[in-house]
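Contents: one structure, followed by commentary.
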Amino acid sequence: MSEKQILVTGAAGFIGSHLVDTLLNEDDWNITAVDNLNDFYSPEIKRRNIEKHRVAPNYRFFESDICDSEALRKIFDEHDFGCIVHLAARAGVRPSLCHPKLYAETNICGTLNLLELARDFGVEQFVFGSSSSVYGINSSVPFSEDDRINKPISPYASTKAAGELLCHTYSHLFDIRTVCLRFFTVYGARQRPDLAIHKFCKLISQDKPIQMFGDGSTRRDYTYIDDIIQGVRSAIDYAGAKHDIFNLGESQTVELTRLIELIEENLGKKAIIDRQPMQPGDVPLTYADISKARELLGYDPTTKIEDGIPKFVEWFEQSRHEAVVS
């Protein structure tokens with residue numbers, strides 16, 4: 001990288017704000033943060049995520065949309081980025097079924113805007129936040145980066161697969177190192193309120209029913225935020241292949257019924273279950289083969305679900321108390 005100047009998109013979100021925390025602790029980064037603070041969930045949550053960042057002298061925040069190429073170009077004109085970590089996206093499988101065009105515009109066109117600017121301004125490293133959803137209903141487990149991803153089953157998954165293909169194209173044509181990271185069901189402090197663990201905690205604590213789609217046998221590779229950030233941070237320094245893809249998961253699958261049991265145990269409350277049919281776009285299983293990430297990124301996840309859920313519930317209770325006090 002030419003300088004320790006870095007652009008983080010989606011920097012006010014769950015993963016992005018944790019990455020900025022890590023970079024600010026390293027002293028030698030000049031961090032430019034971009035987020036449009038949209039209303040997919042409360043913008044106030046995102047503002048709280050970056051409240052402490054704003055006082056750092058080596059941090060600048062721009063409230064900009066990645067679909068606005070002219071606004072982005074003005075930011076690039078003022079900086080000499082060595083690396084872009086692109087985490088901004090329309091997220092979530094189920095909402096994408098209702099708004100496929102919006103997902104395509106943000107996740108495909110927005111990614112293309114950033115790759116074009118990386119090309120125009122000579123950015124050497126481009127880290128792209130992809131998703132385990134690209135695997136679709138994959139009969140080969142655990143999921144390997146070499147598996148075919150030509151059968152996604154949601155618009156969200158399709159947009160993430162398209163983003164990976166764009167990264168490969170720009171790497172091949174314009175000598176940009178692109179590193180695509182397939183995140184597996186990330187959870188932890190600041191998790192989006194629409195995601196299962198956060199939503200379950202809120203509803204159970206309020207004695208309200210939680211929706212369980214299917215018979216509870218679906219399994220996910222839940223990955224704690226600290227482990228994800230370790231992988232993202234390693235990808236920033238990755239100097240291997242010009243285009244590469246890595247799974248970032250815990251490589252441990254957890255059944256939905258077991259997840260609910262762990263949340264119940266740590267909240268000290270029983271869940272009221274509202275059984276619903278399986279939802280279109282949902283996959284029965286995610287399971288990461290992380291051997292490649294271990295070898296090439298030094299990725300070493302350490303937080304099992306039995307340790308991660310208590311940490312999440314502790315944060316959830318604390319944030320709920322702070323909300324009441326304020």
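The values are calculated or read from the model by the stated rules, or taken from the named source; none is laboratory data. It should be emphasised that the depicted structure is a prediction, and the values quoted were computed from it without experimental measurement. Reconstructed Cβ throughout: ideal geometry from the backbone, glycine too, with neighbour counts over all protein chains shown.
Let's see how each residue does on (1) closer than 20 Å to Ser139 by Cβ; (2) in contact with a strand residue (DSSP E or B) (Cβ under 9 Å, 6 or more places away or on another chain); (3) surrounded by 13 or more Cβ atoms within 10 Å (Cβ to Cβ):
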| position | (1), (2), (3) |
| --- | --- |
| Ala241 | no, yes, no |
| Gly249 | yes, yes, yes |
| Leu259 | no, yes, yes |
| Gly268 | no, no, no |
| Asp274 | no, yes, no |
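Would you mind telling me which numbered condition in (1) within 20 Å of Ile236 (Cα to Cα); (2) surrounded by fewer than 18 Cβ atoms within 10 Å (Cβ to Cβ) Asp77 fails?
Only one criterion is unmet by Asp77, namely (1).
Does region 278-293 hold any residues that are in a helix (DSSP H, G or I) and buried (at least 16 other Cβ atoms within 10 Å of the Cβ), and which are they?
Hits for region 278-293 are Lys292, Ala293.
Which residue is farthest from the chain's Cα centre (by Cα), if the candidates are limited to region 88-120 and must be among the hydrophobic types (A, V, I, L, M, F, W, C) and more than 16 Å from Asp68 (Cα to Cα)?
Here the answer is Cys98.
Identify all residues within region 121-133 that are free of Cβ contacts under 8 Å to residues at least 60 places away in the same chain and either within 15 Å of the chain's Cα centre (by Cα) or over 17 Å from His172 (Cβ atoms) (or both); write none if there are none.
If the condition is that a residue be free of Cβ contacts under 8 Å to residues at least 60 places away in the same chain and either within 15 Å of the chain's Cα centre (by Cα) or over 17 Å from His172 (Cβ atoms) (or both), then Phe121, Phe128, Ser131 are the ones that fit.
Restricting attention to region 245-267, report how many residues are over 16 Å from Leu285 (Cα atoms) and either in a helix (DSSP H, G or I) or among the basic types (Lys, Arg) (or both). Before the answer, list the steps.
Filtering region 245-267 for residues over 16 Å from Leu285 (Cα atoms) gives 245-246, 260-267.
With the extra rule that they be either in a helix (DSSP H, G or I) or among the basic types (Lys, Arg) (or both), the set shrinks to 260-267.
Qualifying residue count, region 245-267: 8.
Going residue by residue through region 177-189, is there one that turns out to be over 22 Å from Gly136 (Cβ atoms) and surrounded by fewer than 20 Cβ atoms within 10 Å (Cβ to Cβ)?
Within region 177-189, one or more residues are over 22 Å from Gly136 (Cβ atoms) and surrounded by fewer than 20 Cβ atoms within 10 Å (Cβ to Cβ).
Going by what's in this entry, would Arg47 be described as over 22 Å from Ala235 (Cβ atoms), in contact with a Gly (Cβ under 7 Å, 6 or more places away or on another chain), surrounded by fewer than 23 Cβ atoms within 10 Å (Cβ to Cβ) and in contact (Cβ under 8 Å) with a residue 12 or more places away in the chain?
No: the conditions fail for Arg47.
Would you call Ser251 over 21 Å from Ile290 (Cβ atoms) and touching a residue at least 40 places away in the same chain (Cβ under 8 Å)?
Details: over 21 Å from Ile290 (Cβ atoms): no; touching a residue at least 40 places away in the same chain (Cβ under 8 Å): yes.
When the stated conditions are applied, Ser251 does not pass them.
When the residues of region 92-109 are filtered to those that are buried (at least 19 other Cβ atoms within 10 Å of the Cβ) and out of contact with any Leu (no Cβ under 9 Å at 6 or more places or on another chain), which remaining residue is farthest from Gly163 (Cα to Cα)?
Going through the qualifying residues, I end up with Val93.
Does any residue of region 267-284 turn out to be closer than 22 Å to Gly129 by Cβ, charged (D, E, K, R) and over 18 Å from the mean Cα position of the chain (by Cα)?
no
Select from region 216-244 the residues that are farther than 22 Å from Pro95 by Cα and in a loop (DSSP other than H, G, I, E, B) and write down the one among them that is modelled with the lowest pLDDT. Break it down stepwise before answering.
Step one: of region 216-244, the residues farther than 22 Å from Pro95 by Cα are 217, 224-244.
Next, from what is left, pick out any that are in a loop (DSSP other than H, G, I, E, B): 217, 238-242.
Working: Ser217: 92, Tyr238: 98, Ala239: 97, Gly240: 97, Ala241: 97, Lys242: 98.
Looking at the filtered set, the residue picked out is Ser217.
Quickly run through region 243-288 and pick out the residues that are over 30 Å from Leu166 (Cα atoms) and touching a helix residue (DSSP H, G or I) at 6+ places or on another chain (Cβ under 6 Å).
Val254, Leu262, Ile263, Asn266, Leu267, Lys269, Lys270, Ala271
Report, by residue number, each residue of region 51-81 that is more than 21 Å from Gly92 (Cβ to Cβ) and aliphatic (A, V, I, L, M).
Of everything in region 51-81, those that are more than 21 Å from Gly92 (Cβ to Cβ) and aliphatic (A, V, I, L, M) turn out to be Val55, Ala56, Ala71, Leu72, Ile75.
Taking region 180-213, which residues are more than 20 Å from Ser96 (Cα to Cα) and either without any contact (Cβ under 8 Å) to a residue 40 or more places away in the chain or more than 14 Å from the chain's Cα centre (by Cα) (or both)?
Phe200, Cys201, Lys202, Leu203, Ile204, Ser205, Gln206, Asp207, Lys208, Pro209, Ile210 - these are the residues of region 180-213 that are more than 20 Å from Ser96 (Cα to Cα) and either without any contact (Cβ under 8 Å) to a residue 40 or more places away in the chain or more than 14 Å from the chain's Cα centre (by Cα) (or both).
Could you please tell me which pairs satisfy a Cβ distance under 8 Å, a separation of 6+ or placement on different chains, a first residue in region 99-114 that is over 29 Å from Gly82 (Cβ atoms), and a second residue that is among the β-branched types (Val, Ile, Thr) and crowded, with 18+ Cβ neighbours inside 10 Å?
Cβ pairs passing all conditions: Tyr103/Thr159; Ala104/Thr159.
So, restricting to helices (runs of 4 or more DSSP H) that lie completely within region 7-108, which ones have at least 3 residues that are aromatic (Phe, Trp, Tyr), modelled with pLDDT of 95 or more and more than 22 Å from Val186 (Cα to Cα)?
Where helices (runs of 4 or more DSSP H) fall fully within region 7-108, none carries at least 3 residues being aromatic (Phe, Trp, Tyr), modelled with pLDDT of 95 or more and more than 22 Å from Val186 (Cα to Cα).
Being closer than 24 Å to Lys101 by Cβ and either in contact with a strand residue (DSSP E or B) (Cβ under 7 Å, 6 or more places away or on another chain) or crowded, with 17+ Cβ neighbours inside 10 Å (or both) is the filter here; which residues of region 141-152 pass it?
Ile149, Pro152
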